[in-house]
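Participant: First the structure, which I've put down as structure tokens, then a few questions once you've had a look.
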2 protein chains.
Amino acid sequence: MSSVQDTKASVDISLKYKEAVAPYAPDMERVEKDILKHFQSDVALIPQVSEYLAGSGGKRIRPILLTVASRLCGYTGASRHITLSVVAEFIHAATLLHDDVVDDADQRRGMESANIKFGNCASVLVGDFLFAKSFVLMSQDGDIRVINAMSEATRRLAEGEVLQLVNTLNLTITEDIYTDTIYRKTGALIEACCRLGAILGGASKEKEEALAQYGRNIGIAFQLVDDALDFVGDARGWGKPLGADLEEGRVTLPLIRALAMADESEAGDIKSAMESDTGREAKLGAVIMTLKKYDTISYAMEQARWRVEEAKSAISACFEPSSHLDTMRAIADYVVDRKI
Amino acid sequence: MSSVQDTKASVDISLKYKEAVAPYAPDMERVEKDILKHFQSDVALIPQVSEYLAGSGGKRIRPILLTVASRLCGYTGASRHITLSVVAEFIHAATLLHDDVVDDADQRRGMESANIKFGNCASVLVGDFLFAKSFVLMSQDGDIRVINAMSEATRRLAEGEVLQLVNTLNLTITEDIYTDTIYRKTGALIEACCRLGAILGGASKEKEEALAQYGRNIGIAFQLVDDALDFVGDARGWGKPLGADLEEGRVTLPLIRALAMADESEAGDIKSAMESDTGREAKLGAVIMTLKKYDTISYAMEQARWRVEEAKSAISACFEPSSHLDTMRAIADYVVDRKI
């Protein structure tokens, strides 16, 4: 797992990321302010739950991508990228709220999750409010292409969540099904954010598709890394207990690959651990030896790196050199080596 | 409660309704077909859950209102009213799925509810799919005014659901808060459907507002009747157990009015019953005597009838006589005296 633990490279990439996104900090501050503004409702529980979720942090990867992509495509406006960044974060926040209900999670980014603090009912309904509000904001923005891209992404996102649900504990899923699921669950919204940047900038169809391809690939890479780190732990402060996905019965790439490589006895051990009522640690114990033997976390990380290279190539082939293009590349690298 | 039990008048009104909507039956058949078509997804659980919910029936009051309102406003097109009717039913279905999770319901229209049959997780996520799909369909329809009206309605709907949640067992809520809650929860989407009819027909602002006012009022009337019948029972085949709202701690108009009229000892009895862990029937027993003494179910039904008259006046003042206008009036009457 040297690739995960290569702290020196991670530090370099994180510093590069910080430098690359620094020029967009004023925009990101406006996004934060507008997120709080649009949470408002005369129904007091709605801002309470929303602000709690916002207060637990988040990488704001969608707003930064949307903003940088729009500048890369020549958008010079002052406000649409802010509003649409809020939209992207609201859709993302709504899925986090619903996700935590579905997973019966008790932690999110190291804090008590909203469903524990406010109850499942509040999480479901405030999630619905955030979905609805995001479409109110888009209808006020008034661009049908934006609404089409975002509603399609939201539909895929819901399909991805359902796919994940029906494949809980399904040890026979293939790498292709896994990749399709994480594309829908995580890649589609990030893809849409990059596409929105192109729409704001009035980019050509070719440039829009290149940005969409970039977004799709880094979205998948992002989830690949997230899933791989479930087996490596929280040393980098991700606020998620080690083996949480395993406990929820999520079958992710390191496990799929291990099952494909394992002999009958190893596969049997994994199967009985996953299907038994033992806790997180017992499941991890049974799985981790086989993952290590076949080095499948590195396998997943390599796939993530390959996706990042694909992402960078897609835009490098289509855009002239610029600081915005450099930033898009730095963001792509950061997706794999983030949070040192 | 003579007003609820006046079977002769109900029969007349239901017959009149049936006759009035008969000319729109071919449109309604197309709505049914398109509902099934747009449920489709390569994720098999999605059509399963959706078709189960669709199979449990429903009055399709939103599609009929949208369609008749559009014809009243001179819309002669063949398909937009069908698509937007599907949209309205998808948004409605999504809220039913989420509602049943929040209420921990076990029945819907006399059948096992979807959350019991498929689990809470499936209900939450398929509801999200239906929300998203409704906005995909609207973005394909391509009219920003439609999207604005529907997203605002969906936002209000979510707020109404949250209001209902936070006021569970709140015996101090006023008639105004109750009315505001049922407007958001039920009135806003019906209002939007009528407004969409006006938009499709290219009606004047004045006519659009008259139709919106009609929809708002019959939406509120619809929920007033629904809530009143919680105390009267299922004799008319509504598929909901007697006192289900009471058991969920929903404080509705007959109860609010009874608490306002009751002496201290009666109010105390209601309070202890509502706050105790006794079941549905014990709660009903404690409440029903006071409701009867102060005739508060009739009070709620009178409010519903007043709303229906307001609704009819709003459109009668604005539109020339026509069969479409007659149908809109017959639908309004049916909202109070439906399902004999």
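The values are calculated or read from the model by the stated rules, or taken from the named source; none is laboratory data. Nothing here was measured: the structure is a model prediction, and the numbers come from that model. FYI the Cβ positions are ideal-geometry reconstructions off the backbone, even for glycines, and counts take in every protein chain you see. We work out accessible area using only protein heavy atoms, side chains counted, and drop any ligands, DNA or RNA first. Shrake-Rupley method; radii C 1.70, N 1.55, O 1.52, S 1.80 Å.
Participant: On the given criteria, is A:Ala114 more than 30 Å from B:Val146 (Cβ to Cβ), more than 9 Å from chain B (Cβ to nearest Cβ) and surrounded by 24 or more Cβ atoms within 10 Å (Cβ to Cβ)?
Facilitator: So A:Ala114 fits the description; yes.
Participant: Given the criterion under 14 Å from the mean Cα position of the chain (by Cα) and of a type in the set (Lys, Arg), identify the matching residue among A:Arg184, A:Arg195.
Facilitator: Going through A:Arg184, A:Arg195 in turn, just one is under 14 Å from the mean Cα position of the chain (by Cα) and of a type in the set (Lys, Arg): A:Arg184.
Participant: Right, something else. Does A:Ala25 satisfy the criteria of being under 22 Å from A:Asn115 (Cβ atoms) and open to solvent by 30 Å² or more (accessible area, probe 1.4 Å)?
Facilitator: no
Participant: Please specify each residue of the stretch B:28-61 satisfying the condition of being open to solvent by less than 80 Å² (accessible area, probe 1.4 Å), within 14 Å of chain A (Cβ to nearest Cβ) and of a type outside the set (Phe, Trp, Tyr).
Facilitator: Once the filter is applied, which keeps residues that are open to solvent by less than 80 Å² (accessible area, probe 1.4 Å), within 14 Å of chain A (Cβ to nearest Cβ) and of a type outside the set (Phe, Trp, Tyr), the stretch B:28-61 yields B:His38, B:Ser41, B:Val43, B:Ala44, B:Leu45, B:Ile46, B:Pro47, B:Val49, B:Ser50.
Participant: For the stretch A:83-115, which positions are modelled with pLDDT under 90 and not charged (D, E, K, R)?
Facilitator: A:Val101, A:Val102, A:Ala105, A:Gln107, A:Gly110, A:Met111, A:Ser113, A:Ala114, A:Asn115
Participant: Which one of the conditions (1) in a helix (DSSP H, G or I); (2) more than 8 Å from chain A (Cβ to nearest Cβ); (3) of a type outside the set (Ser, Thr, Tyr) does B:Val126 fail to meet, given that it meets all the rest?
Facilitator: In the conditions (1) in a helix (DSSP H, G or I); (2) more than 8 Å from chain A (Cβ to nearest Cβ); (3) of a type outside the set (Ser, Thr, Tyr), B:Val126 misses (2) alone.
Participant: Can I ask one more? What residue, among those in the stretch B:132-153 that are more than 12 Å from B:Ala88 (Cβ to Cβ) and under 18 Å from the mean Cα position of the chain (by Cα), is nearest to the other protein chains (Cβ to nearest Cβ)?
Facilitator: B:Ser151
Participant: Shifting gears a bit: Output the residue which, of all residues in the stretch B:161-192 that are of a type in the set (Gly, Ala, Ser) and more than 11 Å from chain A (Cβ to nearest Cβ), is nearest to B:Lys207 (Cα to Cα).
Facilitator: Per the stated criteria, the residue is B:Ala192.
Participant: Could you check the stretch A:62-91 and list, in sequence order, the residues that are hydrophobic (A, V, I, L, M, F, W, C), open to solvent by less than 10 Å² (accessible area, probe 1.4 Å) and more than 17 Å from A:Lys207 (Cβ to Cβ)?
Facilitator: Once the filter is applied, which keeps residues that are hydrophobic (A, V, I, L, M, F, W, C), open to solvent by less than 10 Å² (accessible area, probe 1.4 Å) and more than 17 Å from A:Lys207 (Cβ to Cβ), the stretch A:62-91 yields A:Ile64, A:Ile82, A:Leu84, A:Val86, A:Val87, A:Ala88, A:Phe90, A:Ile91.
Participant: So B:Tyr17 clears everything in (1) under 23 Å from B:Leu229 (Cβ atoms); (2) open to solvent by less than 10 Å² (accessible area, probe 1.4 Å) except one condition, right? Which one?
Facilitator: Every condition holds for B:Tyr17 apart from (2).
Participant: How about the stretch B:142-203: which helices (runs of 4 or more DSSP H) wholly inside it have at least 3 residues that are hydrophobic (A, V, I, L, M, F, W, C)?
Facilitator: B:144-166, B:188-200
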